[in-house]
């Protein structure tokens, strides 16, 4: 597994130096070193306060989350294994970042919008752009239904709370 | 027996040939036909914009269907139908081999002739496209959501499905009439016993209105002529079918001469509503006849083949008032029904006029018994009693007619190499447009339906010669787009085509796009060997068979290292594409495989068979550029000698 990750990292580095040079510059311009260069415009300009925190996509209101629903967790786990597992693990970086702690960093609505609208997020949300610049593989749109997406969120909530993969 | 042709026929043939030579050999002055002024802007579709129409052209001897946009003439796709296609594994992978199964076994090629759109209320509805196989008689149904061939039905008791697959106004039936009459049922008889032993058959294939599934409802045993083309009635003539015939002389050799003796052949009118009544009355006899129905299941991602053993045959002798013959000059090709359903236009290849028959006069003639005797017990109607009018001096070699819905008809003329516009009702010639060279069929989008989109006519030419930069002896066939929105036709553009288009269908793009399928839902994937999560990927040995349950996603395979395969094994790679996004297929190939690649759409599973012959390590890779790290999407299979004890292992990332 280590060598796999290392290989990916090397490729990512190679590509960042070659093919994606210009997008890196763009990325720098939009979110890099903002603190040192006060003349730079606000990278979040154009986003609503909701979008800044909760992402851009079909989820447009804050969710009212209740206690974790274990039936929904099971459903989410199944969907995760079919549609996400090829790139994501909970505890380790693969093609994409590990997701164990994603809900400690991001709002649940943001996570759902990233799942449902990865192209739009990578194009328009500075935080998603930054992640893309790190991983260099754009997150695939797996055409999740809202129900599937909500179930995967429940699975991630469960994983976050338990800090280990449920089974 | 060689029949000596009459001097008159020889003379007429010579004149026709001489004229043909003049037209083919010496292109007319191009200035007259090059689209002037804004022709370029009329076919220009700006980058990122869409064409107004889909055009589906038959591939002829390519066996396939090509999909173009009009007015641009841009090629979007070649849909494999009756011929194998290594590009996407059609006919090579385990899932689609069965689509080409027939009672003669697996057939990797055929000759596809006439595409026909499914219809609702006499207008194309954009759901399915049917097309015939002319050599080994079959009809295919292409789904216009997936743009895939989803069903192929074999037509028994036929020698070539040519007058096919024309549909009724609500796609109740698609029909097939045999080009070659053959001993029916087949038998080992002398060829010169043709008149005694050879028969034709007209097949009515029922189409399920929801799923489109086809099955043979019944066949009609008809005289041993050649059946050429057809169209269903519509409006008042709904309930009838019209078939052109030639070789009513019933020659079996040198048809060029011997089937050109009679001044008139026939258009056969078939009252299929009557035929349905006879079926209900039990007049059909069961005939032992084997044929295959092969259906591709979009959830199982697999062909399900069924061999049928019997057809219901109607003999016209038991079924009065079902068939009538309208005399038609001479060796007619097209049998084309105008949008109103009143007129039936015969395209007599060797005729000097275009005869137009009247449906209402035909009904009156039948009621008044205006018969000129019969052929094999089928009443022959008096020509004058059924004729609406004749287009005089239309051109040479009239073949096929389509309609613009504004009262005009457009007829292709092979010998004089032109499209002739004429007026329904007055039968006067309005305009002519030379084509380059020797037009066969023509197509107006919806031009054989109740409501044509009368903006363009597409000429499909048989001879190309000097139209494009030369490519050696073998040339593309040329299509030409003509603007028919005004009083005079205007030539707009030329574009090359695939194979040899015999006919085409056109339809407003929106009607097709509303059925669009972008991906296959992986949750609905019921393939026997589907792997719906990388967690389930595995390699299983079953005796000499090795089944690899494999996944593909951007940009790796699971597993991508496999050991323990041995020489003598048969390896099946069952590849599931885990992607659920539009336009992210993955490909799969392994070195030295005597087989095609796989091209797997999102959510789909496909299987390629591999029989490694020598020990070693074999690279495999993704053939369809899928991501920035596509070139990294690769792996290895280790093959050991037969009898070795290398353990069966598999992994990715270890």
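The values are calculated or read from the model by the stated rules, or taken from the named source; none is laboratory data. From a predicted model like this one, the values you see are computed outputs, not experimental measurements. A quick note on method: Cβ atoms are made from the backbone with ideal geometry, for glycine too, and the neighbour counts reach across all protein chains shown.
Among the strands (runs of 3 or more DSSP E) confined to the stretch B:207-252, the ones with at least 3 residues that are touching a strand residue (DSSP E or B) at 6+ places or on another chain (Cβ under 7 Å) and under 18 Å from residue B:334 (Cα atoms) are located at B:226-232, B:240-246. Within the stretch B:528-546, if we keep just the residues that are crowded, with 18+ Cβ neighbours inside 10 Å and touching a strand residue (DSSP E or B) at 6+ places or on another chain (Cβ under 6 Å), the residue that is nearest to the other protein chains (Cβ to nearest Cβ) turns out to be B:534. Annotation: of all residues in the stretch B:597-627 being within 26 Å of residue A:135 (Cβ to Cβ) and in contact (Cβ under 8 Å) with a residue 60 or more places away in the chain, the one that is nearest to the other protein chains (Cβ to nearest Cβ) is B:627.
Of the candidates B:509, B:552, the single residue that is away from chain A (no Cβ under 14 Å), at pLDDT 95 or above and either in contact with a helix residue (DSSP H, G or I) (Cβ under 8 Å, 6 or more places away or on another chain) or within 30 Å of residue B:66 (Cα to Cα) (or both) is B:509. Counting only residues that are touching a residue at least 12 places away in the same chain (Cβ under 8 Å) and in a loop (DSSP other than H, G, I, E, B), which one in the stretch B:351-369 is farthest from the chain's Cα centre (by Cα)? So the residue we want is B:368.
Of all residues in the stretch B:629-648, those that are part of a strand (DSSP E or B) and either over 20 Å from residue B:534 (Cα atoms) or not assigned by TED's automatic domain parsing to the domain that holds residue B:552 (or both) total 3.
Of the numbered criteria (1) part of a strand (DSSP E or B); (2) out of contact with any helix residue (DSSP H, G or I) (no Cβ under 9 Å at 6 or more places or on another chain), the one residue B:372 fails is (2).
Conditions tested, residue by residue: (1) surrounded by fewer than 22 Cβ atoms within 10 Å (Cβ to Cβ); (2) under 23 Å from the mean Cα position of the chain (by Cα); (3) at pLDDT below 95.
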{"residue": "B:323", "(1), (2), (3)": "no, no, no"}
{"residue": "B:328", "(1), (2), (3)": "no, no, no"}
{"residue": "B:331", "(1), (2), (3)": "no, yes, yes"}
{"residue": "B:337", "(1), (2), (3)": "no, yes, no"}
{"residue": "B:340", "(1), (2), (3)": "yes, no, no"}
{"residue": "B:345", "(1), (2), (3)": "no, yes, no"}
{"residue": "B:349", "(1), (2), (3)": "no, yes, yes"}
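Right, residue B:341: touching a residue at least 40 places away in the same chain (Cβ under 8 Å) and either in the same structural domain as residue B:225 (by TED's automatic domain parsing) or assigned to a loop (DSSP other than H, G, I, E, B) (or both) or not? So residue B:341 fits the description; yes.
Residues in the stretch B:375-403 that are within 22 Å of residue B:433 (Cβ to Cβ) and part of a loop (DSSP other than H, G, I, E, B): B:393, B:394, B:395, B:396, B:397. When the stretch A:62-86 is filtered for residues that are within 17 Å of the chain's Cα centre (by Cα) and under 16 Å from residue B:603 (Cβ atoms), the ones remaining, listed by number, are A:79, A:81, A:83, A:84, A:85, A:86. Taken together, B:577, B:594, B:525, B:561 contain a single residue that is within 14 Å of chain A (Cβ to nearest Cβ) and surrounded by fewer than 18 Cβ atoms within 10 Å (Cβ to Cβ), which is B:561. Given B:592, B:568, which one is modelled with pLDDT of 95 or more and in contact with a strand residue (DSSP E or B) (Cβ under 7 Å, 6 or more places away or on another chain)? The conditions single out B:592.
Could you list all residues from the stretch B:636-647 that are exposed (fewer than 14 other Cβ atoms within 10 Å of the Cβ) and either within 14 Å of chain A (Cβ to nearest Cβ) or modelled with pLDDT of 95 or more (or both)?
Correct list: B:641, B:642, B:644, B:645, B:647.
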